[in-house]
Amino acid sequence: MSPSLTKIAPVAVMLVSGLGLSGCATKSFVREQVATVSTRVDALETRLQATDATARSADDTAKQALAQAQAASGQGQQNGQRLDQLNGRVDTLEQRVQAQESRGKRARH
């Protein structure tokens, strides 16, 4: 053997071995792997849709609650104004009653 052939022979053997041992993925292997991933993606999509539906429902409920709270707040303000008006009238009536009572006491003496 020549010296260059002895240097090339181990490299050639390693190259041929590497090519022979390395394999390509078969179609069935790829299909199995894709099917597994596809199943997981489908499950996640189902969960995501359920979560979206729940979030939309919660958002609608929150909007309704906010509208009701705003209506109650407006009603509370109106009631407060009405109470202020009634307090003024009651104060006026109390003053008139006191004035009449004080006149009545003076007249009796």
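Values quoted throughout were computed directly from the atomic coordinates according to the rules given, and no laboratory measurement underlies them. Please read all numbers here as calculations on a predicted model, not as lab measurements. Neighbour counts are summed over all protein chains in view; Cβ atoms, including those assigned to glycine, are modelled from backbone coordinates with ideal geometry.
Residue separation of Leu48 and Gln68 scaled by 0.36 nm, minus their Cα-Cα distance, works out to 4.2 nm of gained length. The dipole here belongs to the range 32-108: it is taken about the Cα centre, uses +1 on the Cβ of Lys and Arg and -1 on the Cβ of Asp and Glu, and is about 1180 debye. Couplings for the range 60-66, taken from phi via the Karplus curve 6.51 cos²θ - 1.76 cosθ + 1.60 with θ = phi - 60°, read 4, 5, 5, 5, 5, 4, 5 Hz in order; Gly and Pro are left as x. What the Cβ-Cβ distance of Glu101 and Asn79 gives, at R0 = 35 Å and to the nearest 0.05, is a FRET efficiency of 0.65.
Rounded to the nearest whole Hz, the Karplus-based 3J(HN,Hα) values (6.51 cos²θ - 1.76 cosθ + 1.60, θ = phi - 60°) of the range 10-15 follow the sequence x, 5, 5, 5, 5, 5, with x at glycine and proline.
Take the Cα of Ala35, step 7 Å toward its Cβ, do the same at Leu86, and the gap between the two points is 7.6 nm.
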